[in-house]
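One structure below.
What follows draws every value from the coordinates through simple rules; no lab data is involved. Because the structure is a prediction, the values reported are computed rather than measured. Please note: Cβ atoms are built from the backbone with ideal geometry, for glycine as well, and neighbour counts cover all protein chains shown.
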Amino acid sequence: MNIRPFQEKDRLPVIDLWKEAGLVVPQNDPGKDIDRKMKVDPDLFLVGEIDGELVATVMGGYEGHRGWINYLAVKPCHHRKGYGRLLMESVERLLKRKGCPKINLQVRATNSGVIEFYSAMGYGNDNVVGLGKRLMHDS
């Protein structure tokens, strides 16, 4: 799998992948999420391709204190081939180069398969409660 930064030509395939992976929810407009990401650390938005086909994404962020992972997705037909791990290792390296000491991510408590994936990569439950407040409503 070839890993590279997101390019504008990837927009529609990325959104299609996120929909296929179940990552798009009504309160988040994926196009607006891409627009926002391209304004802040666009180098942390990676895609994975096989023979020119976009098959995976990850969006990293870093605000100077903690790194964050969003939109990790791999086409279901390519699960269990190590592509998610390759993307995570790539974005982790980029975050580390920026001086990021720790990465946080959020997974729905009911998504046991994804929790197992991240656990196998060394991520653990920090025993915190995730809270959020929308400042902008996309819908």
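The H on the amide N of Phe6, modeled in the peptide plane, is under 5 Å from the matching H of Phe45, Leu46, Val47, each at least 5 residues off or on a different chain.
When only the Cβ of Lys, Arg, Asp and Glu is charged (+1, +1, -1, -1), the dipole of the chain relative to its Cα centre reaches about 360 debye. In this simple spin-label model, placing a label point 7 Å from the Cα along the Cα-to-Cβ direction at both Cys77 and Asn104 gives a separation of 3.8 nm.
Once both labels are positioned 7 Å from their Cα atoms along Cα-to-Cβ, the gap between Ala120 and Trp68 label points is 2.7 nm. Count the lysine pairs in the chain whose Cα atoms lie under 17 Å apart, taking only pairs 8 or more positions apart in sequence or on different chains. The number of close lysine pairs in the chain is 7.
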